[in-house]
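I have placed the structure first, in the form of structure tokens, so that the comments after it can refer back to it.
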Amino acid sequence: MQTSTLVLFLFVIAVFAFYSSQNRSISIAGKLGGIRKLSSLPSYYGTYSVLLTLVPVLLFISLWISLDQLVIERLVVEKIPKEYVPLNTSDYQLMINKIMSISGGIIKNDSVPSWQLDAAVRMRQLSVISQWSITCLSIFMASILVYWGFRRVSENFNARPVVETIMERMLLASACIAIFTTIGIIFSVLFESIQFFRKVPLFDFIFGLEWSPQTAIREDQVGSSGSFGAVPLFVGTILISLVAMVIAVPIGLMSAIYLAEYANTSVRAFAKPTLEILAGIPTVVYGFFAAITVAPVLRDFGESVGLDIASESALAAGAVMGIMIIPFISSIADDVISAVPQSMRDGSLAMGATHSETVKRVVIPAALPGIVGGILLAISRAIGETMIVVMAAGLAANLSINPLDAVTTVTVQIVTLLTGDQEFDSAKTLAAFALGLMLFVVTLMLNIFALQIVKKYREQYE
Amino acid sequence: MSNSKLSQSISTDGADPKISEQVLDVEKDLLSMESYSTIGNNLVEDAKMSVRNVNVFYGDKQAIFDVHMDIKKNEVIAMIGPSGCGKSTFLRTLNRMNDTIDSCVVSGEVTMDGENLYDPKLDVVELRARVGMVFQKPNPFPKSIFENVAYGPRLHGLADSKVDLDELVENSLKKAGLWEEAKDRLHQPGTGLSGGQQQRLCIARAIAVEPEVILMDEPCSALDPIATARIEELIEELSQNFTIAIVTHSMQQAARVSHRTAYFHLGKLIEVNPTETVFTMPEHKLTEAYITGRFG
């Protein structure tokens, strides 16, 4: 049986387990004089049975699947004559892959050496055996567990706390998956970066002023200086983020003040979701909006007033990114402004302050830590934004702080380094991981800083 | 007509096994009445503020019915009554704080020194500088003690120099009885003070703009008895210079600090009399029932 069919079948068994245990508990209750005589509600006995069956069997299946390939490989290689088994790992892997392709029928088996054919046949047999044994074993295991769960149902067995504990463990496991994934990502980036820093000194990377990642793959290649100074990239990133912030912060903040302080309920009900639609537009759409609409308009405008604006300017990318970030800032600012107690506003108004004086002198100062936190979160969003800059900002790694020039960003370079045909041990490819690591560290620090500020704000009125 | 009906229900009051039942009857009458008249001396000679035919609505719901009364210059007038009787709403009509509530509509006339406060041409901001307010829960701004008190003077340009401002802040804190406790920590946050100190800071903040009238909306309900006693003393002192209208849930407080007392019930102003009269020989059945604690 296919594994997916098997899992489906197990779910059918689980449904059976649920109803059989539930019904048994109901019939026990009937004899005793009502459900209140049971230690737990009937559905808890059912759930207990389901969990008792599914959790161990599914764990068993996933363990089997993760190991069976390895075991089969060992068994196959054992039978291959010693002289054919290569010693170095990559050739060994190549051989295994070839055998797998033959046994899967991808490579026609008339042109291959007979020892490979034998190995392929053996591999095929072993996988069939493995498939059959897991099917039989898991169904056998499931039936025993269903029966066991069914037998355990009695008026004295309290299934409720058991189900509670299992639920808690399952929730814990889900939380762990997210945490381990994060840790896994960090380590994979970290190890590749360490490899990169073996080839390129850390100092050159962080303080180098020239970025030109083309390295020679062959000896005779030309035009491949390969210098990895990340400064132009980070300057470009900061420049574009700055342009974005110059646009997003005032507009976002002012729209938040309007929505939180001035707008009546019907305007708010209309304006707030509309503003949030901005957040729902895919960034790639913003990207071609920037590249196809905004950038040419800016360039033509520059020509008409005698300014030289590059057609892929930091200004165009930053401006569109700023528009993308407006709802982000306005929504956080709106929340913190609304969280300022009404009594503050009343106090100020009762002193004879106008509405805007109240906003300026009391509401905004009181909400400031939260607003700053929101802005910092928005900055880390801007720094990490990729699609808009890929499409609108270009690839030229100019070291420039003029927003009218073409610049490039860290994320754009990561994309270009890792797309297309790659060699995974060249400095060029590994540079992407180093950039990613640095970007990660920067945004992590910004986020921690922002969260600290937001947390401080929460305690302010208590 | 309605007046006679009310007095009738009072005069039929005999020695009373069924007083609470009768009170309920009076309350029912009051609810069904289209118009009514306030008992006692609600109108005075030298009025600072005059309230005529004031009705307040929150959307469809009417919160205040046809209130007529005067507030005398330099008196302390207490508004008492059961929860939801409209006394706070009434207080907020006096400096138009109800304007901040969208659904709230006020009709009638409120005048201060003969000037109609609900005149569309009147500048609300200026009015609120003349009629200060202290709220139920102390609400110092999250700024320093100094900045809290200097807030109003800065807004209205009351101090021309730093020296003037320092002096004004000091005087206000002295009048609010907070100077001794606060003089060494003027530049620390006002939110770091105790509840009672915060409330006195709010009073100092209110009197720093030299208002003519101070409205207090249950200023002691969030404070402990000792802090309450200090505020009550303060109200007594302030009454020499300011006209004070105070809403309170505590009848003892009303008896201690006020010169006149107004009793509100279900949005209607039932009785206004000198405080002593209200607490010793209330004229109206409902007032009597309330001050003797039969409901509230």
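The values are calculated or read from the model by the stated rules, or taken from the named source; none is laboratory data. Predicted, not measured: the structure shown is a model, and the values here were computed from it. As a convention, Cβ positions derive from the backbone with ideal geometry for all residues, glycine included, and neighbour counts pool all protein chains shown. What goes into the accessible areas is simple: the full protein's heavy atoms, side chains included, and nothing from ligands, DNA or RNA. Shrake-Rupley method; radii C 1.70, N 1.55, O 1.52, S 1.80 Å.
Restricting attention to segment B:124-142 and to residues that are more than 7 Å from every other protein chain (Cβ to nearest Cβ) and open to solvent by 20 Å² or more (accessible area, probe 1.4 Å), the residue that is farthest from residue B:223 (Cα to Cα) turns out to be B:124. Taken over segment A:312-339, the residue count meeting the criterion of being open to solvent by 60 Å² or more (accessible area, probe 1.4 Å) and farther than 20 Å from residue A:255 by Cβ is 1.
Restrict the check to segment A:331-352 and report whether at least one residue is of a type in the set (A, V, I, L, M, F, W, C) and within 23 Å of the chain's Cα centre (by Cα). Within segment A:331-352, one or more residues are of a type in the set (A, V, I, L, M, F, W, C) and within 23 Å of the chain's Cα centre (by Cα).
Would you confirm, using the coordinates I've provided, whether residue B:167 is more than 30 Å from residue B:77 (Cα to Cα), buried (at least 19 other Cβ atoms within 10 Å of the Cβ) and modelled with pLDDT of 90 or more? The answer is no for residue B:167.
Looking for something crowded, with 17+ Cβ neighbours inside 10 Å, modelled with pLDDT of 90 or more and closer than 26 Å to residue B:289 by Cα - is there at least one such residue anywhere in segment B:90-105? Scanning segment B:90-105 turns up at least one residue that is crowded, with 17+ Cβ neighbours inside 10 Å, modelled with pLDDT of 90 or more and closer than 26 Å to residue B:289 by Cα.
Criterion applied to B:239, B:221 was being more than 14 Å from every other protein chain (Cβ to nearest Cβ) and among the hydroxyl-bearing types (Ser, Thr, Tyr), and the one residue passing it is B:239. Looking at segment B:190-199, can you tell me whether even one residue there is open to solvent by 30 Å² or more (accessible area, probe 1.4 Å) and farther than 26 Å from residue B:229 by Cα? Checked against the condition, which is being open to solvent by 30 Å² or more (accessible area, probe 1.4 Å) and farther than 26 Å from residue B:229 by Cα, segment B:190-199 yields no hits at all. Of the listed requirements (1) open to solvent by less than 60 Å² (accessible area, probe 1.4 Å); (2) in a helix (DSSP H, G or I), residue A:15 misses just one: (1). In this structure, residue B:204 qualifies as within 14 Å of chain A (Cβ to nearest Cβ), outside any loop (DSSP other than H, G, I, E, B) and not hydroxyl-bearing (Ser, Thr, Tyr). Summed over segment A:283-306, residues that are touching a residue at least 24 places away in the same chain (Cβ under 8 Å) and surrounded by fewer than 12 Cβ atoms within 10 Å (Cβ to Cβ) total 0.
Only one of the numbered conditions (1) away from chain B (no Cβ under 14 Å); (2) part of a helix (DSSP H, G or I); (3) out of contact with any Pro (no Cβ under 9 Å at 6 or more places or on another chain) is violated by residue A:310, and that is (2).
The helices (runs of 4 or more DSSP H) found wholly in segment A:345-428 and carrying at least 3 residues that are in contact with a Leu (Cβ under 8 Å, 6 or more places away or on another chain), within 14 Å of chain B (Cβ to nearest Cβ) and over 12 Å from residue A:240 (Cα atoms) occupy A:355-358.
Give the number of residues within segment A:319-344 that are within 14 Å of chain B (Cβ to nearest Cβ) and more than 21 Å from residue A:447 (Cα to Cα). So the answer is 6. Among B:241, B:273, which is polar (S, T, N, Q) and assigned to a strand (DSSP E or B)? None of the other options fit; the residue is B:273. Six or more apart or on different chains, Cβ atoms under 8 Å: show the pairs whose first residue is in segment B:91-103 and within 17 Å of residue B:136 (Cβ to Cβ) and whose second is open to solvent by 50 Å² or more (accessible area, probe 1.4 Å). Close Cβ pairs (under 8 Å, with a partner that is open to solvent by 50 Å² or more (accessible area, probe 1.4 Å)) amount to B:101/B:58. Among the residues of segment B:143-167, those that are more than 14 Å from chain A (Cβ to nearest Cβ) and touching a residue at least 24 places away in the same chain (Cβ under 8 Å) comprise B:145, B:146. In this structure, residue B:129 does not satisfy being farther than 24 Å from residue A:358 by Cα, under 19 Å from the mean Cα position of the chain (by Cα) and small (Gly, Ala, Ser). For segment A:106-138, the set of residues classified as within 37 Å of the chain's Cα centre (by Cα), loosely packed, with under 11 Cβ neighbours inside 10 Å and assigned to a helix (DSSP H, G or I) consists of A:128 only.
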